[in-house]
């Protein structure tokens, strides 16, 4: 659901890997000592020589060994582990993924998060076995002019090597000792270097590390290890001098023949992987991207070609973790099956389902890569995630395990309360009825399943519906929810007002979801990748300009105000006005609606904070229009601009809204009776943080750079930087003109404004990853405008000072003048 953010957008695999390392081929035997011992014995006592150190199978894999057959046969003998590798699997590509299973409580990472991903190829050379790591970042089709050149420039590095200990019983394979592979610290298979640096890890403590299990399944091998690292700055308890993590390792056999890849398109949202293809007929190195998707092929191609709905050869099947509470299982299952409506748009029926895990099959395991599982974790993490494992050669999704944390219920409880309680009696209680919570679980389940089908967030979807249409029961029912895509963070209908009876409050699988699945999963028989791309481009161009099918991604601070999380409707000012009206209805009732007999005021405190947080989101939605730029990705065959600045009138409207709602003290937030139960003088700080955060995000280098760019391109039609500073300063210091009272919160805001102007004068842009707008502040109009704003403010305060007799207000204004003087002339 929230993906920590969930990194744009690298494929998150579900199975993990901890396979390791070099140096495993070192000979343990002291040859000179062995030779001397042998020479001292009678000839009759000397055992027959073993060719190159290879022993008979029964001497290596004795009767005491516990064997597990699967992709490789895994043998455990005392504290050693052996792989028996059939010759048929040498040279086959396998995907190896390393992931956390359990982490320290204060680490900031979560079980299930990926550490590393590699493709492995097991290779036999004489009496050694090696793991090679092929790369698919640079490719050329076999037979193309560039094939040999690319091969020569992409030597596959060797990750690890092993001595052959024995041949298999029928000599159709070899046995190697992999114990040290999992017990040593290898960069590719253990903690990332940045983690080691953060916690000042010095080495792996092998005395406190061990292999927990190694299990072999038909197409994968799963390894669990517990590793303890010596650390001088561990995340939890410094007195320990170490940190312990549990890692899971997965090695999954890739298909012998890759699925035909489908080329990524910026205008349609899919997770993807990049490659530089030197085999294309182009006069440059061409970067290609292939989408991640399951392999869906019709059982009856002829019926499919006639336009009939056809079942796939292989259905996408999820299983419910047996650890999942029984009362929530039906809702999780429904969330998976909801996607069948989208697959019908691609011509498939019954394409996806979800089943209870079998209870009568002792060989069934959630770790088996043949099974995709919704894993249920007894965790206080308020989240869920939907990763997948995909073939790096083609993008084919092979398996997915959805991570479901128990405390996600608290997350959706908070959202549902703060966004719908004003109009929805079902949300007016601290603990929802099971059927209400079940529907919320279904919503989250469906969202996470969408990720595992290859769909990223589509934060641009929710802008498609007119704000007032979201108050209509007929409209919301016809459209199936509050936004065209469940992959948006549209959440729940905070726009609906108490008189809007029967309006839908939930998102659902919408028009965009059906379109995206059609685009990614329609089966084209006997079409090349190029032919497919031509058809898909035609489809995409036909949908261009229709907001129902708009795809928009969000960076940390969105440039396009349409691509935002947590928002609804096509007008942020109008939508936020409705939302604030509902928050004002919730606060007077918040004690009553959070009441729990015999319980402290924890729910009151948590949900009061949610009200303030929701208000802050509304300010963010509106603020993004200031300096905003609409981005509509296009190809050469489409007319019109890709980038268009938000209209001047809309930007001015946004600034006025923020001045009126955020910067004028929101006194409606102060329910003194409720605050007397939960607040020990922190409300001033809360409101101050909210106001300062909004102010700082308006007066930031990237936003101001876009404002300047707008003026350069559009002249008087642009909302200029001088207008922005003028409107902002007039709003924040509106009291000065009349000598009106400046309350406690406004005084803090005015000081924050002066400090922010100092920041613009003295600091430079701190460019973060993904920041699309960059500017050299020292050579721009930003600093002159900040200096002029301070100079004008200085004059205005001096003119207004005689109007103020109150000692506190006079002290505030005198202090403001002193601060401005120090900024404008720091040598004084």
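The values are calculated or read from the model by the stated rules, or taken from the named source; none is laboratory data. Everything numeric here is computed off the predicted structure, so don't read it as measured data. Methodologically, a virtual Cβ is constructed for each residue, glycine included, from the backbone with ideal geometry; neighbour enumeration extends over all protein chains shown.
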Check your understanding: Restricting attention to region 247-274, and to residues there that are surrounded by 20 or more Cβ atoms within 10 Å (Cβ to Cβ) and modelled with pLDDT under 90, which single residue is nearest to residue 220 (Cα to Cα)?
Key -> 250
Exercise for review: Kindly check whether there is at least one residue in region 432-439 that is assigned to a loop (DSSP other than H, G, I, E, B), at pLDDT 95 or above and under 30 Å from residue 253 (Cα atoms).
Suggested key: no
Revision key, fill the gap. Residues of region 632-649 being at pLDDT 95 or above and either on the phi > 0 side of the Ramachandran plot or surrounded by 18 or more Cβ atoms within 10 Å (Cβ to Cβ) (or both), in sequence order, are 645, 646
Check your understanding: Of these, 607, 583, which one is more than 24 Å from residue 460 (Cα to Cα), at pLDDT 95 or above, in a helix (DSSP H, G or I) and within 26 Å of the chain's Cα centre (by Cα)?
Key -> 607
Practice item. Return a yes/no flag: does region 538-554 have any residue that is over 28 Å from residue 311 (Cβ atoms) and touching a strand residue (DSSP E or B) at 6+ places or on another chain (Cβ under 8 Å). Key: yes
Review point. Give me the pairs: first residue in region 811-822 and free of Cβ contacts under 8 Å to residues at least 40 places away in the same chain, second residue loosely packed, with under 15 Cβ neighbours inside 10 Å, beta-carbon distance under 8 Å, and six or more apart or on different chains, which are they?
Key: 817/798; 821/828; 822/828
Review point. Picking from 762, 773, which residue would you name as being modelled with pLDDT under 95 and in contact with a strand residue (DSSP E or B) (Cβ under 9 Å, 6 or more places away or on another chain)?
Key: 773
Revision key, fill the gap. By residue number, the members of region 182-212 that are closer than 17 Å to residue 249 by Cβ and assigned to a strand (DSSP E or B) are 204, 210, 211, 212
Check your understanding: Being surrounded by fewer than 17 Cβ atoms within 10 Å (Cβ to Cβ) and at pLDDT below 60, is that true of even one residue in region 154-167?
Key -> no
Review point. More than 24 Å from residue 97 (Cβ to Cβ) and either in a helix (DSSP H, G or I) or in contact with a strand residue (DSSP E or B) (Cβ under 6 Å, 6 or more places away or on another chain) (or both): does that describe residue 442?
Key: yes
Practice item. Can you confirm whether region 788-811 contains a residue that is under 22 Å from residue 706 (Cβ atoms) and surrounded by 12 or more Cβ atoms within 10 Å (Cβ to Cβ)? Key: yes
Review point. What residue, of 616, 594, is farther than 20 Å from residue 429 by Cβ and surrounded by 13 or more Cβ atoms within 10 Å (Cβ to Cβ)?
Key: 616
**Study point:** Qualifying residue in region 539-551 (condition: assigned to a helix (DSSP H, G or I) and exposed (fewer than 15 other Cβ atoms within 10 Å of the Cβ))
**Key:** yes
Point to revise | Residue satisfying condition, being surrounded by fewer than 21 Cβ atoms within 10 Å (Cβ to Cβ) and under 29 Å from residue 718 (Cβ atoms), within set 602, 659, 672 | key: 659
Exercise for review: State yes or no: is residue 652 in contact (Cβ under 8 Å) with a residue 24 or more places away in the chain, within 30 Å of residue 632 (Cβ to Cβ) and touching a helix residue (DSSP H, G or I) at 6+ places or on another chain (Cβ under 9 Å)?
Suggested key: yes
Exercise for review: Identify all residues within region 74-96 that are loosely packed, with under 14 Cβ neighbours inside 10 Å and either touching a helix residue (DSSP H, G or I) at 6+ places or on another chain (Cβ under 8 Å) or in a loop (DSSP other than H, G, I, E, B) (or both); write none if there are none.
Suggested key: 78, 79, 91
Check your understanding: Restricting attention to region 699-726, and to residues there that are in contact (Cβ under 8 Å) with a residue 40 or more places away in the chain and in a loop (DSSP other than H, G, I, E, B), which single residue is nearest to the chain's Cα centre (by Cα)?
Key -> 700
Review point. When you go through 215, 256 one by one, which is the residue that is part of a strand (DSSP E or B), within 29 Å of residue 395 (Cβ to Cβ) and more than 27 Å from the chain's Cα centre (by Cα)?
Key: 215
**Study point:** Given (1) at pLDDT 90 or above; (2) part of a strand (DSSP E or B), index of the condition residue 376 fails
**Key:** (1)
Study note, to complete from the structure: If we keep only residues of region 409-419 that are crowded, with 23+ Cβ neighbours inside 10 Å and touching a residue at least 40 places away in the same chain (Cβ under 8 Å), then the residue nearest to residue 498 (Cα to Cα) is 419
